[in-house]
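Heads up: the structure comes next, in structure tokens.
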Amino acid sequence: MTSIGGAEMVDWKLAVATGSRLARPGPEISRDEAREVVAELRGHAIAAEAHVRAFTGMATAEGHDTPVLVVDRPGWIEANVAGFRSLLKPLMAKMRARRGNGPGGVIAGAVGGKVTGVELGVLLSFLSSRVLGQYETFAPASRELPGAPDGGGRLLLVAPNIVHVERELGVDPHDFRLWVCLHEETHRTQFTAVPWLRDHLEAEIQAFLAETDVDAGTLLERLSDAVQAFTGGRREETGTAGTTATTGTETDPGARSGAHAPDGGTEGRSLVDLVQTPAQREILARVTAVMSLLEGHADYVMDGVGPQIVPSVVEIREKFQRRRAAGANRLDQILRRLLGLDAKLRQYRDGERFVRAVVEEVGMEGFNRVWTSPNTLPTANEITHPAEWIARVHRTPEA
């Protein structure tokens, strides 16, 4: 994809190999137990589909169904590397053109691609133990990881992480697995019932990447910052530090402040913050609003459906929320802030409040007008001021 003289700007295979090798082992479980967990998660995903669609009134558009895959941590890493490779193709081409075809560019590409592959693998190994489930919106299909027929989407359930958290919380495992599936199935329903949503998000992301003015060396430096934070190092010249944060349904989602250090350093700033132009900040605000809507909607549906089919849902919710609020150790906090992963907690909280307020005011059918077109999606301001979205979408002649 991005090769020059046989060298790639990111060695994707090395990223998968590194991440898989460094991923922490999952909880101890027998082969028979593992098979039971996989079978139960698949069954719960199927059952959750009907409950979510009945509660939301959303139906899958014809030809837009997507597969459900139960994976381990290396499988999650492989799927995400494939997604990154596909989504970042235009940016990689731009960086390749800037690097040039001379001998120096080829050598730099060969070395940089290996190093960047290792860096990416290290970061994904960190994340692979934290994600419970994920709807992969941009998922190229492969023999090992099938996707939707049209190339758009698949649902991943990370079995070892689900087992780890249910044991740590001390909750009923069957109830917890169904509860997780309700959240993830809501994401799957969002994208299969609203076909334009995937294209809209992809267009926004590509617009963001098109505005990126960063060379391979700078990108590599950003990744190095993250890995040094993870391993306990610190770049004194940039002042990298931070607190709190993670991403799909996760074990420790948290909230991004993006505050700048007074000396112009990077304290409190994420990798995304470090490469933003003014145009990118505008795009990111729109994307963040959409992601807040999607995450909040999934939480709202999960809580709405849960009491009907998950007997211990109150206990699960309380313990899970306490686990989120407890945060993580200092090393985890530094890396998660640097990666900007703490945006998730704010998305869950603000998005759920938006959905609840709108449904209480105009009902579920009225809320579902949010899926009409990109013009009816909430803005960043409307996410925290739902009355403004209601006024714009429900009280104007044309939505």
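A compact table of results
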read-out: Nearest-10 value in Å² for the accessible area of Met364, using the 1.4 Å probe; value: 40
read-out: Solvent accessible area, Å² - Arg392, 1.4 Å probe, full protein context; value: 80
read-out: Heavy-atom accessible area order for Asp350, Asp72, largest first, 1.4 Å probe; value: Asp72, Asp350
read-out: Net charge contributed by nearby residues that have their C-beta within less than 11 Å of Glu168 (K/R +1, D/E -1); value: +2
read-out: Amide H within-cut-off set for Val70, under 5 Å, with H built and near neighbours excluded; value: Leu157
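The values are calculated or read from the model by the stated rules, or taken from the named source; none is laboratory data. Predicted model, so just to flag it, every value in this text is computed and none were measured. With ideal geometry, Cβ positions are generated from the backbone for all residues, glycine too; neighbour counts draw on all protein chains shown. The protein model used for the area step is the full one, side chains on, heavy atoms only, and it has no ligands, DNA or RNA in it. Shrake-Rupley method; radii C 1.70, N 1.55, O 1.52, S 1.80 Å.
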